[in-house]
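Reviewing the structure listed below.
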Amino acid sequence: MTSAQPQPITIRDDSIRLGQLLKLAGLAEDGFHAKELVENGMVKVNGDIETRRGKQLHGGDVVTLGEESVVVEAE
């Protein structure tokens, strides 16, 4: 079952890299898995496919992988 609302992921800093967020959110098992997901065009940021694992994300950004979505929330 999927949820319509993205799940919030709280970060400690003002920004976080996409690869780190995928691991933090449990969408990727490790850094290599995150890299594969991003390079294969499977990850969207704010509705657009993102192929840069180092993309800086900020509060309010929504990351989607398949049916799962998370929204970045800064502390």
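The values are calculated or read from the model by the stated rules, or taken from the named source; none is laboratory data. Just so you know, these numbers come straight off a predicted model, no measurement behind them. Here the Cβ positions follow ideal geometry from the backbone for every residue, glycine too, while neighbour counts run over all protein chains shown. Just the protein is used for accessible areas: all its heavy atoms, side chains included, with ligands, DNA and RNA removed. Shrake-Rupley method; radii C 1.70, N 1.55, O 1.52, S 1.80 Å.
Please find, within the range 23-75, the residue that is nearest to GLN7 (Cα to Cα) out of those that are among the acidic types (Asp, Glu) and open to solvent by less than 40 Å² (accessible area, probe 1.4 Å).
My answer is ASP61.
Where residues in the range 23-44 are touching a Ser or Thr at 6+ places or on another chain (Cβ under 8 Å) and outside any helix (DSSP H, G or I), which of them is farthest from GLU67 (Cα to Cα)?
Here the answer is GLY41.
Filter the range 2-22 down to the residues that are farther than 12 Å from SER69 by Cα and part of a loop (DSSP other than H, G, I, E, B), then identify the one that is least open to solvent (accessible area, probe 1.4 Å).
ASP13
Quick one: how many residues across the range 24-51 are closer than 19 Å to ASP14 by Cβ and touching a Gly at 6+ places or on another chain (Cβ under 9 Å)?
So the answer is 2.
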